[in-house]
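The values are calculated or read from the model by the stated rules, or taken from the named source; none is laboratory data. Worth saying up front: this structure is predicted, and the values here are computed from it rather than measured. With ideal geometry, Cβ positions are generated from the backbone for all residues, glycine too; neighbour counts draw on all protein chains shown. With ligands, DNA and RNA removed, areas are computed over all heavy atoms of the protein, side chains included. Shrake-Rupley method; radii C 1.70, N 1.55, O 1.52, S 1.80 Å.
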Amino acid sequence: MSNLSSASYGPAPLADVLFSVASLGCPKNLVDSETLVGRLVALGAELATDAAEVDLFLLNTCGFLRSARAEAEEYVAQALEQKAAGMIGRLIVAGCAVVSDGKELAEKYPGVDAWISPYDEPKIGEIVVALFQEDDYKMEETDDALDVPCPAEAAAATFYHTPAHSLTLDDSQRLLLTEPHVAYLKIADGCDRFCSYCTIPNIRGRFVSKPFETVLDEAARLADSGVRELVLIAQETTFWGSDLYGQPDLKRLLAALKEKNQFDWIRVLYSYPLFWDSELTALFKMEAPGQTSILPYVDLPLQHCNSDLLKKMNRKVDKAQIEDLIAQLRAEIPDLVLRTSLIVGFPGETDAMYQELADFVEKHRFERAGVFEFSPEPGAPAATMDDQVPDEIKRRRYDRLYAKQERISRQYARGFIGKTVDVMLDTRAVSEGGAVMRNVCIGRTVADAPDVDPVVYVTGRDLDLGVPTPCEIVDAQGLDLIAVPVDPDKLFVSKEERRSAAMRAESEALGEQEVKRQKNGKNKGQKGGKNR
């Protein structure tokens, strides 16, 4: 086995490796994928955007819910089919599913070349170099000189999972996979909340914050690369700093980012209904153009409103505290967009408790909300609780609450019609035939986080991507909006409309001539009468 220290294999040991990547799950996982990609590119590998065959396919999985793990299996099975057909050389599966279900997956899919947990992702370069340096490389042939952890003994010999107290937060080698003007910045990882329905602390470890200066340095690099909208993420953003500075201190971080004025928009996701005060909420407001705005968009997963269920969920807040917080946010943040997530069918949820939740949603009319059925996850305390709600009841409650929130969100969308708002233009629309539509862009308002919220379709000409563009909302289709630029020089007029306008102008001109002709004739007749 070769010694894989950086000195031994040179600056570009993967120079001949063409690879592609698929990232499943949340934006936090996407940042992990970007870091994996960046580390491989730093070793000379080339990321393929559209290639029929690749030397390496990297799949980064989510393991949060059963549905996510099922999606991961679908991707693995499809990738193995492509590998058998010669379209993929090596296959690596990384991410949370390697922790939650990795041993079972490794037994089920022996054709995967390596399984890498989040704790071992910093070693991705060494692992991939080993795969491509020796054709007869087998993971069970460990070597002390190999600077990677020894594979687990269970199931397959290609399984990397080194348990650790917390994850390593080093995103310095990221290669962004988002639109160039949008980037996520992970300010923390892991979780100390231990909600009874959730396995994230078991998968991602204890909560660990990225240091203050490290966050500011990373933000500066992203700004220098052209990012205009920065999205702060973590398992719990409002808990940032608690492990480093003795108390949560998100307001200090946001104030510093705002003062540097490097972005148009800063959006904060994954907050928690604790640690909010007036100093923090005062930062969430729109500023004048040219100044960084901490968007008045608060992502506040509540899960439920019934105090008894919240206690069983180990959420550490009750209904009264939640309603006080909502009132505070509504009062102190102008034009607040409040997003939440809600769980129906948690063990012990009665019809009365569900109705309480439905009334709560009707009362507070969240601008954005996701509704989920309770999923009993192996290893989560709630999975073995008494009074499990039957699946058919969970589905019925989900359908009813989803329909209620859908109606509220539709009404919210209709309320935009006739208003002028800034739209961050993300990309150009693509026709059904696959052609890029030069004069139709897809964007988002302040109320829309990337990939999770509705979008705005903007028709215009000479539209610049990645720039907040003032637009008039002219219609709503479901939850999505239809808009045109306020700038008259950017308004787009189709050939049909131009032709119609020309015909109208011609008709009006002929009509004016006819009026003048008739008027002149009438005047001549009147003069002739007088002469007689």
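Length gained on full extension, Ala48 to Val430: 135.4 nm, using 0.36 nm per residue less the C-alpha separation.
Calculated FRET efficiency, Asn439 to Ala85, Cβ-Cβ distance, R0 = 25 Å: about 0.05 to the nearest 0.05. Take the Cα of Gln321, step 7 Å along the line toward its Cβ, and report every residue of the stretch 235-260 whose backbone nitrogen sits under 20 Å from that point. Answer for this model: 235-243, 246-251. As an exercise, use a Förster radius of 35 Å and the Cβ-Cβ distance of Gln133 and Glu71 to find the FRET efficiency, rounded to the nearest 0.05. The value I calculate is 0.60. In the chain, the longest principal axis of the Cα atoms and the axis of helix 250-260 are about 60 degrees apart.
Determine, from the Cβ-Cβ distance of Leu18 and Thr350 and an R0 of 56 Å, the FRET efficiency 1/(1 + (r/R0)^6), rounded to the nearest 0.05. In this case the efficiency is close to 0.50. Taking the chain as the reference, fit the longest principal axis to its C-alpha atoms, fit the long axis of helix 351-364 to the helix C-alpha atoms, and give the angle between the two in degrees, 0 to 90, nearest 10. Between the helix axis and the principal axis of the chain, the angle is about 50 degrees.
Computed extension length for Gln477-Asp359: 39.8 nm, one decimal, from 0.36 nm per residue of separation with the Cα-Cα distance subtracted.
Considering only GluC sites (Glu not before Pro) in DSSP loops that have at most 14 other Cβ atoms within 10 Å, the longest stretch of the chain without any of them is 288-431. Across the chain, Cα pairs under 8 Å and at least six residues apart give a relative contact order of 8 percent. Electrostatic tally near Gly38: other residues with Cβ closer than 11 Å to its Cβ, Lys and Arg +1, Asp and Glu -1, net -2.
Over the residues of the chain, the helix contribution to mean residue ellipticity at 222 nm works out to -11500 deg cm²/dmol, using -39500 (n - 2.57) for each DSSP H run of at least 4. Residues within the reach of a label modelled at Tyr245 (point 7 angstrom out along Cα to beta-carbon, backbone nitrogen below 17 Å), restricted to the stretch 217-233, are 217-220, 232-233. The chain: percent of C-alpha pairs farther apart than 45 Å? When all Cα pairs of the chain are counted, 24 percent exceed 45 Å. For the chain, the solvent-accessible area with a 1.4 angstrom probe is 47 square angstrom per residue. If you roll a 1.4 angstrom probe over the protein chains with everything in place, what fraction of the accessible area of the chain belongs to carbon and sulfur, to the nearest %? Carbon-and-sulfur percentage of accessible area, whole number: 49.
Quick one: in the stretch 240-379, what % of C-alpha pairs are over 28 Å apart? The answer is 26 percent, as a whole percent.
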